[in-house]
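One structure is given below, encoded as C-alpha cells.
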C-alpha cells in the first residue's frame, strides 16, 4: 500500500494534530516543558497541535488514515507573531530553576527570540507516527513543503531540538542559522531560501 501526500482537509486536521503530538511527545523541548509526565506532554501536544494544524497543510495518508503531517504557517502566523505577551517574555527564574508554566514560557520565549524579522513561512510541526518513522514518510512530507516554498518564493524557517533532525532538514536545503543552548540542550534554528 502506498503513501498519499497531499493537502489535508477539514475532517483530517484533528487526526494530524494527534500524529504531531505523538511524534514530538518526548523531544527535548517537550520534555523540558513538562518533565516526568509523558501523559501531560501528550495532552499539551494534542491541545497545541490540534489548534495549529489547518486545512491545506500537508499530510501523509495510508488508506485514508493520517500517518504524518508537515505544517507551515503563513507569513505572520508563527509563534513569534501569535504568542501572548506573557508567553513571549522570559520569566525571572532561570531555565534550570523553572517549574510548571515558567518552563513553557522559557521554551516559547526562546522561539520568539529567534523568530526572524524578515518575511518567512514557519515550517512545523513536522511529525510522523512513531511506528512508521524511518520509512521515507517525513522526506515525502518535507519535499512537498519545499516545493510549495519554492513555488511561492518564500523563505522557510524552523526549529529542531534533535541532532538527527538537523541532518534530515539539511538534506532538504535548510541551513543552521543559530544554535541556542539556553534551556540546557541545543535547539537549532534553520532557514531555507527559495530555489
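The values are calculated or read from the model by the stated rules, or taken from the named source; none is laboratory data. The shown structure was predicted, so the numbers you read here are calculated from the model rather than taken from an experiment. Reconstructed Cβ throughout: ideal geometry from the backbone, glycine too, with neighbour counts over all protein chains shown.
Below, the figures for the structure above:
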quantity: Which listed residue is surrounded by fewer than 21 Cβ atoms within 10 Å (Cβ to Cβ) and within 18 Å of the chain's Cα centre (by Cα), from 92, 140, 70; calculated: 140
quantity: Helices (runs of 4 or more DSSP H) within the stretch 1-63 that include 3 or more residues free of Cβ contacts under 8 Å to residues at least 40 places away in the same chain and under 30 Å from residue 180 (Cα atoms); calculated: 38-52
quantity: Evaluation of residue 188 against (1) in a strand (DSSP E or B); (2) at pLDDT below 95 (one fails), failing number; calculated: (2)
quantity: Filter pass, residue 50 being modelled with pLDDT under 95 and in contact with a strand residue (DSSP E or B) (Cβ under 8 Å, 6 or more places away or on another chain); calculated: no
